[in-house]
Amino acid sequence: MMSEIINMLVFYIGLILVFLGGILDLLAAIGMNRFKNFYLRLHAATIGAIGGGFYPLIGLGLISLTLDWMGTNRFYVAGISFTTAFFLVLTAPVGSHALAQGTHKSRIVEPEPIVVDRLREDEEKGLIEK
Amino acid sequence: MKRIRAILGLMIPLIILYIVYTGSFNLFELILGIITAIVVGYLFGDVVVEKTSKVLDPVRWFWLVIYAVFYFTVIEAKAHWEVLKLIFNPSGIKPAIVRVPYNVSTDYALTTIANSITNTPGTITVDVDEKRKYLYVHWIKAVDVSDKVAKENISALFEKYAHKIFD
């Protein structure tokens, strides 16, 4: 009895996570269109990667853990979901770092509008190499 | 002895990762995982593991788990909510590239801080100055551009945990 309740709870938490991921992906796409600058769009892309990628994968793993009719296959699906989520969290920021740094160094996009740009200031002072 | 402990320090996480990934507890999978982990641990153990006493320290693993749970529930939820509000009200944005000082010594801790900053929507690490110990962070809603306040708002919490886990 107790295990059934826990099973159901985990199942619905997983469903909520998957559903939330879909909504966040949609909102990230809207944000991609509404933000008018490359750097601002990177923030919307982060929502797509973490909110729309990490959480649904965790939810998928939780759902598959509760499905008894899948037999031992459920551990297989859950394991792949969890490890993919783990590596997504490790590797997604690397792409953002590379894009942001490369764009700033090469001056392809001016980070406009901007309140203050400490990196540009320090580069002009010669404190860090360009 | 040090080398064996370095190999063990890389081997154990790799075996756990392999077993979680395959999701089966056959003897075959277990032996294959152990052999692969030994080979990888032998090749890269002393490159990946700098100090063996840190890897086999359960207190650090405990803080890692605490940090992971706290980060992916509370911190991420707050940051997502902030940026979602900005998507529907783009006039509220106030972007700035601020300087955030950090005070950790190992590369792992620095990577943890930089990745944590980038993984929260609203802040992205643009560059790092390892000599003067500064991170340059693009912040979508800069409440204050001074180094100290920026650090309190962005990375003070990450640094506290990164210090406990990796330093």
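The values are calculated or read from the model by the stated rules, or taken from the named source; none is laboratory data. Nothing here was measured: the structure is a model prediction, and the numbers come from that model. Backbone-built Cβ (ideal geometry, glycine too); neighbour counts: all protein chains shown. SASA here: full protein model, heavy atoms, side chains in, ligands and nucleic acids out. Shrake-Rupley method; radii C 1.70, N 1.55, O 1.52, S 1.80 Å.
Express in Å², to the nearest 10, the accessible area of B:E29 obtained by rolling a 1.4 Å probe over the protein heavy atoms while all chains stay in place.
40 Å²
Tell me, what ³J(HN,Hα) does each residue in segment A:89-106 have, in order and in whole Hz, if you take phi through Karplus 6.51 cos²θ - 1.76 cosθ + 1.60 with θ = phi - 60° and put x for Gly and Pro?
Going residue by residue, I get 5, 6, 9, 4, x, 4, x, 5, 4, 5, 5, 5, 5, x, 5, 5, 5, 7 Hz, with x marking Gly and Pro.
Take B:D127, B:D107 and sort them by solvent-accessible surface of the protein heavy atoms, 1.4 Å probe, largest at the top. Intermediate results must be reported in sequence, preceding the final value.
Working: B:D127 15, B:D107 90 Å².
Final ranking, largest accessible area leading: B:D107, B:D127.
For the protein assembly as shown, go through all pairs of different Cα atoms, get the mean of 1/r, take its inverse, and jot down that Kirkwood value in Å. Intermediate values should be presented prior to the final figure.
Values: mean 1/r = 0.0476 Å⁻¹.
Result for the protein assembly as shown, one decimal place: 21.0 Å.
With labels modelled as points extended 7 Å from the Cα through the Cβ direction, what inter-label distance (nm, one decimal) is found for B:A156 paired with B:K78?
1.1 nm
List, in order, the whole-Hz ³J(HN,Hα) value for each residue of segment B:68-81 obtained from phi through the Karplus relation with A = 6.51, B = -1.76, C = 1.60 and θ = phi - 60°; use x for Gly and Pro.
4, 5, 4, 5, 7, 9, 6, 5, 4, 4, 4, 5, 4, 4
Under the 0.36 nm per residue contour assumption, what length would be gained going from the current alpha-carbon distance of A:F87 and A:I108 to full extension? Walk me through the intermediate numbers first.
Values: separation 21, 0.36 × 21 = 7.56 nm, distance 2.99 nm.
Extending this stretch completely gives an extra 4.6 nm.
Per DSSP helix of 4 or more residues, -39500 (n - 2.57); summed, then divided by the residues of chain B. What does that give at 222 nm, rounded to the nearest 500?
On the way: 8 runs with 105 residues, N = 167.
Result for chain B, helices only: -20000 deg cm²/dmol.
Any idea how far apart B:I35 and B:F88 come out in nm if each label point goes 7 Å out from Cα toward Cβ?
It is 5.7 nm.
Through the Karplus equation 6.51 cos²θ - 1.76 cosθ + 1.60, θ set to phi - 60°, convert the phi angles of segment A:52-67 into ³J(HN,Hα) values in whole Hz; use x for Gly and Pro.
With the stated coefficients, segment A:52-67 comes to x, x, 6, 5, x, 5, 4, x, 4, x, 5, 4, 5, 5, 8, 7 Hz.
Hey, can you grab everything whose amide H is under 5 Å from the amide H of B:K94? Only 5+ residues off in sequence or another chain; H modelled, so Pro and N-termini drop out.
B:K141, B:A142
As an exercise, take the mean of 1/r over every pair of distinct alpha carbons in chain A, invert it, and state the Kirkwood radius in angstroms.
Numbers: mean 1/r = 0.0576 Å⁻¹.
Result for chain A stands at 17.4 Å.
Order B:H163, A:H43, most accessible first, counting only protein heavy atoms with a 1.4 angstrom probe.
Details: B:H163 100, A:H43 0 Å².
Listed by decreasing accessible area, they come as B:H163, A:H43.
If DNA, RNA and ligands are ignored and the probe is 1.4 Å, what is the ranking of A:E121, A:E112 by accessible area, most exposed first?
On the way: A:E121 65, A:E112 110 Å².
From most accessible down to least: A:E112, A:E121.
At 222 nm, what value in deg cm²/dmol follows for chain A if DSSP H runs of at least 4 each add -39500 (n - 2.57) and the sum is divided by all its residues, to the nearest 500? Numbers along the way, then the final one.
Details: 5 runs with 96 residues, N = 130.
Result for chain A, helices only: -25500 deg cm²/dmol.
For each pair in B:K51/B:K160; A:K125/B:K131; A:K36/B:K148, compute the distance between the two Cα atoms and list the pairs where it is over 22 Å.
Values: B:K51/B:K160 20 Å; A:K125/B:K131 16 Å; A:K36/B:K148 29 Å.
Over 22 Å apart, Cα to Cα: A:K36/B:K148.
Please work out the average accessible area per residue across segment B:2-54, using the 1.4 Å probe convention, and give it in Å². Intermediate results must be reported in sequence, preceding the final value.
Values: 3490 Å² over 53 residues.
Solvent-accessible surface per residue comes out at 66 Å².
Which cross-chain or sequence-distant (5 or more) residues have an amide H under 5 Å from the amide H of B:V128, H modelled 1.01 Å from N in plane?
B:Y136
I'd like the distance between the alpha-carbon centres of segment B:121-150 and segment B:76-106, rounded to an integer number of Å.
So the separation of the two Cα centres works out to 10 Å.
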